[in-house]
Amino acid sequence: MMLALDDVRSGYGDSMVLKGVTLSVAAGQVTALLGRNGMGKSTLMRTIMGLLPARHGVIAFNGAAINGLRPDQISNRGIAFVPQGREIFMDFTVEENLLLGTLGKPTAGYIPNLVFEHFPILDERRRQIAGTMSGGQQQQLAIGRALAGRPKMLLLDEPSEGIQPSIVEQIAATLKAIADKEKLTILLVEQNVEMVLDMAGACAFIENGRIVATHEANALRADERLIHRYLGL
Amino acid sequence: MDLILTLGLDALNFSLAIVLVAMGLVIIFGLMNVINMAHGELFLLGAFTLVVVQQAGGGFWLGLFLAPVVVGLVGLLLEELIIRHVYRRFLDTILATWGISIAIKQAVILGFGPASYTVDAPLQFGIDLFGATYPAYRLFIMGVAVLVILLTMFVFFRTRFGLAARGVIANRSMAACLGINTRRLDRATFAFGAALAGLAGAVMAPQMSVDPQMGLGFLIPAFLAILTGGGGLTGTLLGASLVGGIDSTFAKLWSPVLAQVVVFAMAILVIRIFPNGLLARRGR
């Protein structure tokens, strides 16, 4: 297991959003986390990343506990985060955004070629101010920025949010290619079921701060009622 | 003609001195969201570093070199011992740095007494500029200020440290998620801002009476410059030239008291019309 969570609890103030999450993410696989709004998907991502403290339980990455570390330490262990809303540095150029993804890493100051191989548009737009690009291009930049640090694992929070359907398909295809080619482990939070079935190997369902079921994506493709049961579609 | 030239040079001189003080404040506020009320006392420590070096028989130039080093180290210590514990509580940072300012001032009074010192100035000659004679040391101050401005711009816009710092200013938690050690950056930034204040104190010392109250005289115009300019490097440059220009012109032609009144009236007017300063940045 690349990432293993055991009975992780976390939340904001007095209210616990995660009430004991136990989840395994296999190396080299895309694992999707599905659930309705407010079930704790983003909270889980933020807790893994160290932005929120885990109040209980263990988060292990490659066998070593990472809960309690700062976000920059977790990032430098090899986990990259593409947050909901992308959080691009709007006033910076594309190149500066990508460079920021490398600064804490041994290859600081060098953007690896794989970023431009998968997202050629970022190469063409190096000098453009990031805030002037379209939503889809900004999402590619957010993913490219994460890849620039050569991570072992990618946390993707709602990559299809606010992007036109045709671009979503393209981004999904690119992400799949990246996962295959770079042997990247991905934990994907996504509302777009088509994108999930297209990319994921395994799907975990979260409800009220707990993982209630885990299925192979193949099983879900064969029987769509399973998805509907958990998502209430 | 001579008068206009001298007025202009005096205005430029004072403006650049304000920039020297304000720059450290702006950098610390931009990165850490800390309003450093002790900045004037770091300026004071820079001047007294020079006093101590001269009393010990060292020359002016050694003192000028040591002042930013010593005050930078003081900044490092303050950040580690006090500031980092109150980062996330904005009002507490004002209270804490205000407390530090009182403590430093009293420590200087205990060590050196409340009286004022004078510092031997180097470069005691005039230089002919377009027919007027202007003190060489004042030109030297301007040169130092311009150098510091250029150096700061270079650091912030041309180096990895600067890129990381701008990233943290724009979005601290995202910068951390990308692997940037924000702790180390905060420490370095506070020390850098403190060192700038120390350098300003030492370089200005030969021009003024060096006493425990001297910090305030530069802190207030520096704050006014930041407020009217709207923060940021360019805003601070604009604000400082406004405050410095008005103050030195009115002080020379009429009186220093009137100059203060006009500067404050200008600041109130600017803030009334542009609440976020003349060059306010969107979405701070």
Check: Would you call residue B:112 without any contact (Cβ under 8 Å) to a residue 12 or more places away in the chain and of a type in the set (Phe, Trp, Tyr)?
Finding: no
Checklist line | Cβ pairs under 9 Å, 6+ apart, first in region A:51-76 and away from chain B (no Cβ under 14 Å) and crowded, with 19+ Cβ neighbours inside 10 Å, second of a type in the set (Ser, Thr, Tyr) and in a helix (DSSP H, G or I) | finding: A:54/A:47; A:59/A:47; A:67/A:47
Item checked: Residue list for region A:77-95, restricted to those being surrounded by fewer than 19 Cβ atoms within 10 Å (Cβ to Cβ) and either among the aliphatic types (A, V, I, L, M) or closer than 18 Å to residue A:42 by Cα (or both) -> A:84, A:85, A:90
Next item on the list: Considering only region A:101-112, state which residues are within 11 Å of chain B (Cβ to nearest Cβ) and surrounded by 16 or more Cβ atoms within 10 Å (Cβ to Cβ).
Entry: A:101, A:102, A:103, A:104, A:105
Checklist line | residue A:84, sole failed condition from (1) in contact (Cβ under 8 Å) with a residue 60 or more places away in the chain; (2) touching a strand residue (DSSP E or B) at 6+ places or on another chain (Cβ under 7 Å); (3) not in a loop (DSSP other than H, G, I, E, B) | finding: (3)
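For region A:133-183, enumerate the residues that are within 14 Å of chain B (Cβ to nearest Cβ) and either more than 17 Å from the chain's Cα centre (by Cα) or small (Gly, Ala, Ser) (or both).
Listed by number, the residues that qualify are A:142, A:144, A:146, A:148, A:149.
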Notebook entry, point to check: Which residues, taken from region A:31-41, are surrounded by fewer than 18 Cβ atoms within 10 Å (Cβ to Cβ) and either within 14 Å of chain B (Cβ to nearest Cβ) or among the basic types (Lys, Arg) (or both)?
Noted result: A:36
Notebook entry, point to check: Somewhere in region B:138-156, is a residue at pLDDT 85 or above, within 14 Å of another protein chain (Cβ to nearest Cβ) and within 24 Å of the chain's Cα centre (by Cα)?
Noted result: yes
Note to self: Pull out all pairs, ordered by first then second residue, where Cβ-Cβ is under 7 Å, the residues are six or more apart or on different chains, the first lies in region B:166-193 and is more than 10 Å from chain A (Cβ to nearest Cβ) and closer than 24 Å to residue A:154 by Cα, and the second is among the charged types (D, E, K, R) and assigned to a helix (DSSP H, G or I).
What the structure shows: none
Next item on the list: Scan A:98, A:18 and give me the residue that is among the aliphatic types (A, V, I, L, M), crowded, with 18+ Cβ neighbours inside 10 Å and part of a helix (DSSP H, G or I).
Entry: A:98
Next item on the list: Kindly provide the set of residues from region A:94-104 that are at pLDDT 90 or above, over 16 Å from residue A:121 (Cα atoms) and not hydrophobic (A, V, I, L, M, F, W, C), ordered by number.
Entry: A:101, A:102
Checklist line | Residues of region B:237-256 satisfying the condition of being under 19 Å from residue B:268 (Cβ atoms) and among the hydroxyl-bearing types (Ser, Thr, Tyr) | finding: B:241, B:249
Notebook entry, point to check: Given the conditions (1) modelled with pLDDT of 95 or more; (2) closer than 29 Å to residue A:133 by Cα; (3) not acidic (Asp, Glu), and given that residue A:48 satisfies all but one, which numbered condition is not satisfied?
Noted result: (2)
Notebook entry, point to check: Looking at region A:187-233, which of its residues are acidic (Asp, Glu) and over 25 Å from residue A:152 (Cβ atoms)?
Noted result: A:194, A:207, A:223, A:224
Next item on the list: Look at region B:239-267 and say how many of its residues are over 21 Å from the mean Cα position of the chain (by Cα) and under 15 Å from residue B:21 (Cβ atoms).
Entry: 0
Margin query: Being within 20 Å of residue B:31 (Cβ to Cβ), in a helix (DSSP H, G or I) and of a type in the set (Val, Ile, Thr) is true for just one of B:228, B:236. Which residue is that?
Written below: B:236
Next item on the list: Just one of (1) closer than 24 Å to residue B:175 by Cβ; (2) in contact (Cβ under 8 Å) with a residue 60 or more places away in the chain; (3) away from chain B (no Cβ under 14 Å); (4) not β-branched (Val, Ile, Thr) trips up residue A:127, so point out which.
Entry: (2)
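Please work out if residue A:115 is under 19 Å from the mean Cα position of the chain (by Cα), of a type in the set (Val, Ile, Thr) and surrounded by 22 or more Cβ atoms within 10 Å (Cβ to Cβ).
yes
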Item checked: Matching residues, region A:62-81, being in contact with a helix residue (DSSP H, G or I) (Cβ under 6 Å, 6 or more places away or on another chain) and either of a type in the set (A, V, I, L, M) or closer than 15 Å to residue A:21 by Cβ (or both) -> A:66, A:80
Next item on the list: Could you please let me know if residue B:215 is away from chain A (no Cβ under 14 Å), modelled with pLDDT under 90 and surrounded by fewer than 24 Cβ atoms within 10 Å (Cβ to Cβ)?
Entry: no
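The values are calculated or read from the model by the stated rules, or taken from the named source; none is laboratory data. The shown structure was predicted, so the numbers you read here are calculated from the model rather than taken from an experiment. Reconstructed Cβ throughout: ideal geometry from the backbone, glycine too, with neighbour counts over all protein chains shown.
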